[in-house]
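Here is the structure we will look at.
The values are calculated or read from the model by the stated rules, or taken from the named source; none is laboratory data. No experiment lies behind these values; they were computed from the predicted model shown. Heads up, the Cβs are rebuilt from the backbone with ideal geometry, glycines too, and the neighbour counts pull from every protein chain shown.
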Amino acid sequence: MADVIWIGGAAIVTQVDTFTVALTWAASDVLRITLTAEDGTTQFVEGTSTGTNEETDVRDVMLALLQASVQTSFAAVTWAAGTAFIITGTTKVPGVPFRSAVSSTTAGDGTWALVNTTLSEGPEDFDVDGSSTYASSNWIGAGKRCG
């Protein structure tokens, strides 16, 4: 197995995640975003749709809750409305990553999807993609699995 050696010093990249609401939602359907911090702690925000309109009753309800959250992981991210049924989460401190996951409970076929649009990177990031595959430019032999 090839050695993977830490060199550090990667350029700072600001993380952006995109969350998309799609298909048919019902009033009282539940959406959840869970964030995992670098130290492994998790926090979540959960919202309930107020009707069937994907933009106003689902996305906008969840966006308001995310923007109002005072939990440390959520407060470290700027939450904004994207086009149509999209919420974007952008880390406030470039180079400081967050890991997000989504889940939902729906009466219909509503979906709540996450896309890691731009992964965080910085001179101190040791595991950019969260999969134990060292894919950042902080490593010589990047893309190799350690351990």
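Scanning region 34-45 turns up no residue that is touching a Leu at 6+ places or on another chain (Cβ under 7 Å), within 30 Å of Gly9 (Cβ to Cβ) and among the aliphatic types (A, V, I, L, M). One residue is enough: does region 7-20 have a residue meeting the conditions over 30 Å from Trp139 (Cβ atoms), modelled with pLDDT under 90 and surrounded by 14 or more Cβ atoms within 10 Å (Cβ to Cβ)? Among the residues of region 7-20, not one is over 30 Å from Trp139 (Cβ atoms), modelled with pLDDT under 90 and surrounded by 14 or more Cβ atoms within 10 Å (Cβ to Cβ), which makes the answer no. Listed by first and then second residue, the pairs linking a residue in region 90-104 that is free of Cβ contacts under 8 Å to residues at least 24 places away in the same chain to a residue that is part of a strand (DSSP E or B), with Cβ atoms under 7 Å apart and 6 or more places separating them unless they lie on different chains, are Lys92/Val77; Lys92/Thr78. Looking across region 80-98, the residues that are under 22 Å from Leu23 (Cβ atoms) and not aliphatic (A, V, I, L, M) come down to Gly82, Thr83, Phe85, Thr88, Gly89. Of the residues making up region 54-72, at least one is of a type outside the set (A, V, I, L, M), surrounded by fewer than 17 Cβ atoms within 10 Å (Cβ to Cβ) and closer than 16 Å to Val96 by Cα. Counting only strands (runs of 3 or more DSSP E) that sit wholly inside region 16-79, those with at least 1 residues that are under 13 Å from the mean Cα position of the chain (by Cα) and without any contact (Cβ under 8 Å) to a residue 40 or more places away in the chain are 42-48.
Scanning region 42-75 for residues that are closer than 17 Å to Thr91 by Cα and either at pLDDT below 95 or among the hydroxyl-bearing types (Ser, Thr, Tyr) (or both) yields a count of 4. Number of residues in region 86-95 that are outside any strand (DSSP E or B) and surrounded by 18 or more Cβ atoms within 10 Å (Cβ to Cβ): the value is 0.
The lone criterion from (1) surrounded by fewer than 17 Cβ atoms within 10 Å (Cβ to Cβ); (2) under 30 Å from Ile140 (Cα atoms) left unmet by Phe98 is number (1).
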